[in-house]
1. Extending each Cα 7 Å along its Cβ direction at Arg119 and Lys175, get the distance between those two points in nm, one decimal.
2. Based on the Cβ-Cβ distance of Lys251 and Thr279, what FRET efficiency does E = 1/(1 + (r/R0)^6) give at R0 = 22 Å, to the nearest 0.05?
3. Using a basic spin-label model with each label point 7 Å from the Cα along Cα→Cβ, how many nm lie between Ser265 and Glu226?
4. Need one word for the stretch 82-280: rounded, prolate or oblate. Basis is the Cα gyration tensor (sqrt eigenvalues a ≥ b ≥ c); a/c below 1.5 gives rounded, then a/b vs b/c decides.
5. Packing-wise, with mean Cβ within 10 Å as the measure, how do 264-270, 12-18 rank, highest first?
6. Give me the extension gain from Leu258 to Trp89: residue separation times 0.36 nm, minus the current Cα-Cα distance, reported in nm with one decimal.
7. Sorted by average packing, counted as other Cβ atoms within 10 angstrom per residue and highest first, what order do 143-150, 120-127 take?
8. Is there a pair in Lys93/Lys175; Lys116/Lys269; Lys117/Lys239 whose C-alpha atoms are over 23 Å apart, and which pairs would that be?
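Nothing in this text is a laboratory measurement; each read-out follows from the coordinates by a stated rule. On a predicted model such as this, the values are computed, not experimentally measured, just so you know. Please note: Cβ atoms are built from the backbone with ideal geometry, for glycine as well, and neighbour counts cover all protein chains shown.
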Amino acid sequence: MDDFSGRFYNLYLDNLRQIALKWAVGIEGIGDIVDIGEEGLCLRLSPLSPSLSPSLLPQLQLCYNHPTFSPLTQLTPLTLNFSALWRRWQREKWSGAADPFWRALGAAGRPGQMLKKMRVLDATAGFGKDSLRLLFYGCEVYACERLPEVGCLLEDAFWRYHFDAQIQLPIQLLKGDAQDFLARPNLDVDVIYLDPMYPNRAKYKAAAKKEMQILQHVINSERDDELQVLLQLAVNVAKKRVVIKRPLWVKPLSLRTLRTITCHSCLGKSIRYDVYCITSSTISSPQGDNQL
Ligand SMILES: C[S@@+](CC[C@H](N)C(=O)[O-])C[C@H]1O[C@@H](n2cnc3c(N)ncnc32)[C@H](O)[C@@H]1O
């Protein structure tokens with residue numbers, strides 16, 4: 001490794017140590033204790049590439065190695081590469097009109113050319129694809145994740161993206177439970193986005209959904225009552241709207257709130273976005289259940 005590559009590598013490792021410290025996880029390969037958490041998740045550094053350049057930095061891999069997870073033991077480790085995804089989106093022609101996620105946000109303008117900057121809290125960030133999409137649209141994003149291994153992978157992926165593209169995207173990662181952040185009095189966001197795991201018994205099909213299969217084994221599904229609490233909190237905090245991604249076959253969540261809201265859905269092929277628009281923040285009398 002020449003001096004130039006060595007500097008990149010050391011910078012990368014230093015940063016990764018900081019990230020691991022923040023998320024309180026160990027990473028196999030940088031001399032820390034390996035964390036094979038109760039969930040069976042483990043973070044590992046990919047082998048060192050002989051020709052180091054910023055885009056060929058080693059990657060953090062999420063491995064999955066608990067004996068009870070036998071159906072998935074054959075899966076290769078999961079890595080995140082946001083540069084490739086971003087480039088792919090840039091090649092696509094996007095008007096926005098055909099994109100239900102964009103429509104659900106209710107932003108003025110076009111993806112990438114928003115007329116007014118929108119601040120979005122992605123309260124269930126997971127592996128960050130939707131957060132990246134929000135950034136691609138031009139939003140400022142807060143992304144919250146409560147699983148430490150997933151959060152660490154996410155933060156590393158964004159760091160590598162920044163390093164690779166030499167662009168600092170306006171994103172802030174929040175470690176912990178979204179319910180705690182939603183309880184903060186000074187949270188100032190236009191839209192709160194929720195993408196919970198599919199309800200019980202729903203199986204994520206196809207190898208392409210590997211990340212979702214892993215999450216499904218680790219957390220099964222978020223309980224409906226917990227989701228209801230999260231949605232309730234979100235509706236009380238968001239300035240403009242709350243958007244929740246749901247499979248087509250589940251019923252929309254009903255809601256009891258003191259704010260005036262209207263509800264509609266934006267349909268995709270296999271999912272839909274249920275949108276709760278805040279039309280007034282006046283707390284007058286209870287609105288009762290607002291069904292979609
Ligand atoms: C279906 S995944 C989200 C996928 C994500 N939208 C993406 O594009 O990759 C749901 C994620 O939300 C996280 N999560 C669920 N409830 C949460 C909460 N209350 N606070 C923070 N994270 C939460 C889970 O740990 C999981 O990683």
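1. With each label placed 7 Å out from Cα toward Cβ, I get 2.3 nm.
2. Details: r = 23 Å, r/R0 = 1.04.
Approximately 0.45, to the nearest 0.05.
3. Here the modelled spin labels are 2.4 nm apart.
4. On the way: a/c = 1.30, a/b = 1.12, b/c = 1.16.
It comes out rounded by the Cα gyration axes.
5. Numbers: 264-270: 13.0, 12-18: 16.6.
Peptide ranking by packing, descending: 12-18, 264-270.
6. Details: separation 169, 0.36 × 169 = 60.84 nm, distance 3.94 nm.
Using 0.36 nm per residue and subtracting the Cα-Cα distance, I get 56.9 nm.
7. In decreasing order of mean packing, 143-150, 120-127 become 120-127, 143-150.
8. Working: Lys93/Lys175 34 Å; Lys116/Lys269 28 Å; Lys117/Lys239 13 Å.
As for pairs spanning more than 23 Å Cα to Cα, those are Lys93/Lys175; Lys116/Lys269.
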